[in-house]
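Nothing in this text is a laboratory measurement; each read-out follows from the coordinates by a stated rule. Predicted model only: the values in this text are computed from it and were never measured. Virtual Cβ from ideal backbone geometry, glycine too; neighbours counted across all protein chains shown.
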Amino acid sequence: MITVHGLYKSYGAHPLFQGISIQVEKGEAVVLIGPSGSGKSTMLRCINGLETFERGEVIVDGIELHSINSKRPSKQEAERIRNVRLKLGMVFQQFNLFPHMTVLQNIIEAPVRVLGMSREQSVADAREILRQINLEGKINSYPGQLSGGEQQRVAIARALAMRPEAMLFDEPTSSLDPEMAGEVLSVIRKLVDGGMTTIIATHEMGFAHEAADRVVVFDKGNIIETGPPTEIFTDPKVPRTREFLNRVLGRFRI
Ligand SMILES: Nc1ncnc2c1ncn2[C@@H]1O[C@H](COP(=O)(O)OP(=O)(O)OP(=O)(O)O)[C@@H](O)[C@H]1O
Ligand SMILES: [Mg+2]
C-alpha cells in the first residue's frame, strides 16, 4: 500500500536520510519510534508529499512520487502529489481545526469543496463518523469549546471524512494530558482494529506495544531495527534500540 524506496533527504547541507526504505502492507499498523530528531516526522511528511527529497521514490497505492529537483514540481508531479494526499489522511500533534467553523463545518469542508460531495451526503457521513467516536453531541460546537482530546478526535474525523486509504499520525497525543490521550488512542485503536492501514509516529510505547503490527525504530535518519512489538519491546537486537527504550521506559539493562 505504501512503499518508500531508497530515499535520500537533506536539510541544507545536513543529510538526514541516506537511502532509507519502508514498506507498509494494506491493513497493517506500523508505529515509528525513536529519539527526537531521528526523522519520524520527516518520513511521514515525505510519504504525504509535504517534503521534497533528493533521491528515491514514494509509492502510495500505485501512485509514484519521485525526487523533486526543483522547487517547482512539474504539472504531472503536482497532480501526483495531489492524488497521494487524497489517499492519505494526516493528523498532526496540533489539531489545526478551523477555529471559526463548527465541528460539522470543519468535517464537511473538504469533502464538499475538494471531492465535490453533496452537502447532504457529507453531513450524513460526518454524523456517522462523529457517532463512532462518541462526539455526536458536539456537532455544532466550535473548536474553542472543546477539550484538547475532543479537538484531536474531530481532527481525526475530519481526515476520515475524506475516505482515505490510509491514515498517518504524527504524535497525535503528545500535546494532551494522559486521560485525553487515552481517548484519542482508543479512537486510533478502533481504526487499526477495523483494518485501516496506519502509520503512527509516537512516544506512547504502551500503545505501540498493544496496537502495532510492526514497530520501526529510527535513529539519526536510519532505520536501525524493525519487528513485531513483542520482539522490539522484550528482546531488541540492536544496542541503540535498547538504549532508547531504556531511556523512555526505564527498563532494560545494557
Ligand atoms: N524544516 C527543517 N529545516 C531544517 N532541518 C529540519 C527541518 N525539519 C526537520 N529538520 C531536522 O531533521 C531531523 C529530523 O527531524 P524530525 O522532525 O523528522 O524528527 P522526529 O523524529 O520527528 O523528532 P521528534 O520526536 O522530536 O518529533 C532533525 O535533525 C531536525 O532538526
Ligand atoms: Mg516528529
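Points to keep in mind about this one:
- Filtered residue count, the range 19-63, keeping only those that are of a type in the set (A, V, I, L, M), in contact with a Leu (Cβ under 8 Å, 6 or more places away or on another chain) and away from ligand 2 (no atom under 16 Å from the Cβ): 3
- None of V248, V192, V187 is touching a strand residue (DSSP E or B) at 6+ places or on another chain (Cβ under 6 Å) and either over 25 Å from A126 (Cβ atoms) or of a type outside the set (F, W, Y) (or both) except V192.
- Candidates S21, S36, S74, S41 - the one that is free of Cβ contacts under 8 Å to residues at least 12 places away in the same chain and under 26 Å from V192 (Cα atoms): S36
- Within the range 1-18, tally of residues that are within 12 Å of G221 (Cα to Cα), away from ligand 2 (no atom under 16 Å from the Cβ) and touching a residue at least 60 places away in the same chain (Cβ under 8 Å): 2
- Taken over the range 7-56, residues that are on the phi > 0 side of the Ramachandran plot and either touching a Ser or Thr at 6+ places or on another chain (Cβ under 6 Å) or surrounded by fewer than 17 Cβ atoms within 10 Å (Cβ to Cβ) (or both) amount to 4.
- Any hit, the range 65-83, residues being on the phi > 0 side of the Ramachandran plot and out of contact with any helix residue (DSSP H, G or I) (no Cβ under 7 Å at 6 or more places or on another chain): no
- The conditions of being assigned to a helix (DSSP H, G or I), surrounded by 14 or more Cβ atoms within 10 Å (Cβ to Cβ), at negative phi and of a type outside the set (V, I, T) are not met by Q121.
- Of the residues making up the range 144-166, one or more are in contact (Cβ under 8 Å) with a residue 12 or more places away in the chain, part of a strand (DSSP E or B), crowded, with 16+ Cβ neighbours inside 10 Å and not aromatic (F, W, Y).
- All of (1) outside any loop (DSSP other than H, G, I, E, B); (2) buried (at least 23 other Cβ atoms within 10 Å of the Cβ); (3) not basic (K, R) hold for T173 with one exception: (1).
- Counting only strands (runs of 3 or more DSSP E) that fall entirely inside the range 1-107 and contain at least 3 residues that are within 12 Å of ligand 1 (Cβ to nearest atom), the qualifying elements are 2-11, 14-24.
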